[in-house]
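Written out below as structure tokens is the structure these notes cover.
The values are calculated or read from the model by the stated rules, or taken from the named source; none is laboratory data. Given the structure is predicted, the values throughout are model-derived calculations rather than measurements. Methodologically, a virtual Cβ is constructed for each residue, glycine included, from the backbone with ideal geometry; neighbour enumeration extends over all protein chains shown.
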Amino acid sequence: MWYMNEERQLMLNVARDFVEKEVKPVAMQIDRTSEFPMKLFKRAGELGLLGVTVSEEYGGLGGDQTTLALIMEEIAKSLPVLTVAMGAHSLLAGGLLDMLGTPQQKNKYLAPAASGEIILACGSTEAVGGSNQIEFTTRAVLEGDEWVLNGGKVLISNIGVADVYVVLAITAEKIDPVTRGGFSAFIIEANTPGLNVGKAEHKLGWHGSATGSISFKNCHLPKESLLGPLGGCMQAMFVSATAEFLSCGPVSLGVAEGAYEMALKYSMEREQCGQSMFDRFQVTRHKLVKMYTEIESLRSLVYSTYANRDQGELCLATGRMLKIKGAEVSEYVSREAIQLFGGVGTVVDTGVERFWRDAKVMAIGGASVEALMDNIATLIKNKMV
Ligand SMILES: Cc1cc2nc3c(=O)[nH]c(=O)nc-3n(C[C@H](O)[C@H](O)[C@H](O)COP(=O)(O)OP(=O)(O)OC[C@H]3O[C@@H](n4cnc5c(N)ncnc54)[C@H](O)[C@@H]3O)c2cc1C
């Protein structure tokens with residue numbers, strides 16, 4: 001592949017070995033029990049997979065974005081939810097810490113996050129709608145030397161298992177409807193009085209991502225919990241969210257490949273009238289070729305976008321496109337994979353339908369693809385693509 005080099009191959013080998021020996025054997029069990037994959041998450045930290053792009057100064061590998069994409073793709077082939085937990089930790093919360101943190105904050109939170117010593121979560125979404133920030137109500141008020149938070153967040157990943165939450169709150173009189181100025185980010189340790197953590201929801205897919213609500217009732221935080229400029233965190237949030245949308249490209253690619261590989265193997269092995277389904281039915285062959293074509297088209301988009309990202313481009317529009325296209329391709333390929341299995345494809349223990357459930361959530365979790373299309377339209381209108 002044109003995007004491979006020796007360093008990337010080395011890290012990919014580490015991820016492959018981890019997936020083969022430690023992730024694959026428990027993937028079905030995690031989907032069935034919805035347990036957060038704590039052991040795997042910690043192991044990923046030990047292997048450096050949680051701090052791939054974090055600078056070496058803060059305990060990361062100082063690697064590039066393409067390396068991260070290769071690792072995400074590899075893990076998602078077997079256990080997509082692990083990449084989701086990694087995304088909330090490293091890209092959303094970790095991204096904000098990296099961009100906005102003071103050296104003290106980075107030493108205290110980013111470095112142990114990169115090694116997996118602590119787990120991070122990022123709370124933005126409120127009950128009024130993920131992209132409807134102008135109606136958010138979670139507010140932080142400075143009282144003497146402390147910030148006091150009140151409000152609540154919904155559908156937040158890594159709740160309960162997180163040691164630290166990075167949370168968005170209003171600190172201005174009014175939110176600017178255009179720039180969304182008036183929001184600030186805060187670092188909240190999990191044991192802070194006034195922070196209440198709800199139960200993980202039972203979801204269609206991404207079983208084990210520990211997604212649910214958190215709320216704040218007179219939650220007192222030290223003044224130094226403010227992360228970044230007062231009232232001015234939205235630009236960084238846009239960038240860290242873009243990193244998460246970008247990662248949906250390789251994750252979707254992995255989901256599609258996982259489902260395709262199962263369907264191909266099954267179609268070659270299952271026989272009727274002395275012939276494999278692959279040899280017997282043209283429609284089976286054509287479905288597989290179409291699935292393969294979609295996968296390879298997505299691969300091109302993913303790695304050309306990551307190459308641009310490695311050249312310093314923010315990829316605001318193309319990053320969002322990766323999430324949109326990735327959700328579409330992974331949902332299509334995994335749906336067709338179930339179809340090629342016939343009746344047993346609908347049986348949970350077969351292990352193919354979980355890819356479709358995970359793909360479906362991809363189109364909503366983190367941001368709905370419709371909201372992202374509107375973002376891209378705005379970027380086009382403002383000549384920012
Ligand atoms: C599994 C999972 C994990 C998540 N993890 C996190 C997390 O870690 N942190 C976090 O902060 N949030 C997280 N979220 C929340 C996620 O960001 C929101 O679910 C998403 O932004 C959609 O918001 P909503 O659910 O409020 O839907 P709504 O805003 O109610 O939207 C419903 C539908 O209306 C349409 N719509 C809404 N807004 C627009 C728009 N602007 N333009 C066009 N159409 C629109 C879309 O079709 C959308 O699907 C997670 C969600 C899920 C499902």
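Do we find that Glu7 is farther than 17 Å from Ala243 by Cβ, free of Cβ contacts under 8 Å to residues at least 12 places away in the same chain and not hydrophobic (A, V, I, L, M, F, W, C) in this structure? Judged against the criteria, Glu7 is not a match.
Scan region 128-135 and give yes if some residue there is in the same structural domain as Ala210 (by TED's automatic domain parsing), within 16 Å of the ligand (Cβ to nearest atom), of a type outside the set (Val, Ile, Thr) and touching a Lys or Arg at 6+ places or on another chain (Cβ under 8 Å), otherwise no. Scanning region 128-135, I find at least one residue that is in the same structural domain as Ala210 (by TED's automatic domain parsing), within 16 Å of the ligand (Cβ to nearest atom), of a type outside the set (Val, Ile, Thr) and touching a Lys or Arg at 6+ places or on another chain (Cβ under 8 Å), so the answer is yes. Can you pull out the residues in region 10-26 that are touching a Gly at 6+ places or on another chain (Cβ under 8 Å) and either without any contact (Cβ under 8 Å) to a residue 60 or more places away in the chain or among the aromatic types (Phe, Trp, Tyr) (or both)? The one that is touching a Gly at 6+ places or on another chain (Cβ under 8 Å) and either without any contact (Cβ under 8 Å) to a residue 60 or more places away in the chain or among the aromatic types (Phe, Trp, Tyr) (or both): Val14.
When each of Gly366, Gly345, Gly351, Gly326 is tested for being modelled with pLDDT under 95 and either under 17 Å from the mean Cα position of the chain (by Cα) or of a type outside the set (A, V, I, L, M) (or both), the lone residue that passes is Gly366. When the strands (runs of 3 or more DSSP E) confined to region 169-275 are screened for residues that are within 24 Å of the chain's Cα centre (by Cα), more than 15 Å from the ligand (Cβ to nearest atom) and within 27 Å of Gly351 (Cβ to Cβ), none reaches at least 1 such residues. Of all the residues in region 158-206, those that are out of contact with any Ser or Thr (no Cβ under 6 Å at 6 or more places or on another chain) and among the polar types (S, T, N, Q) number 4. Scanning region 138-161 for residues that are surrounded by fewer than 17 Cβ atoms within 10 Å (Cβ to Cβ) and either near the ligand (Cβ under 8 Å from one of its atoms) or modelled with pLDDT under 95 (or both) turns up nothing. Take region 337-385 and flag every residue that is part of a loop (DSSP other than H, G, I, E, B) and away from the ligand (no atom under 16 Å from the Cβ). Within region 337-385, Val347, Gly351, Val352, Asn382, Lys383, Met384, Val385 meet the criteria.
All conditions but one from (1) away from the ligand (no atom under 14 Å from the Cβ); (2) assigned to a helix (DSSP H, G or I) apply to Ile324; the one that does not is (1).
Residues checked against (1) more than 24 Å from Val369 (Cβ to Cβ); (2) surrounded by fewer than 19 Cβ atoms within 10 Å (Cβ to Cβ):
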residue	(1), (2)
Leu221	yes, no
Met237	no, no
Thr242	no, no
Ser252	no, no
Glu261	yes, yes
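If you check Leu372, Leu314 for being at pLDDT below 95 and outside the structural domain of Thr53 (by TED's automatic domain parsing), only one passes: Leu314.
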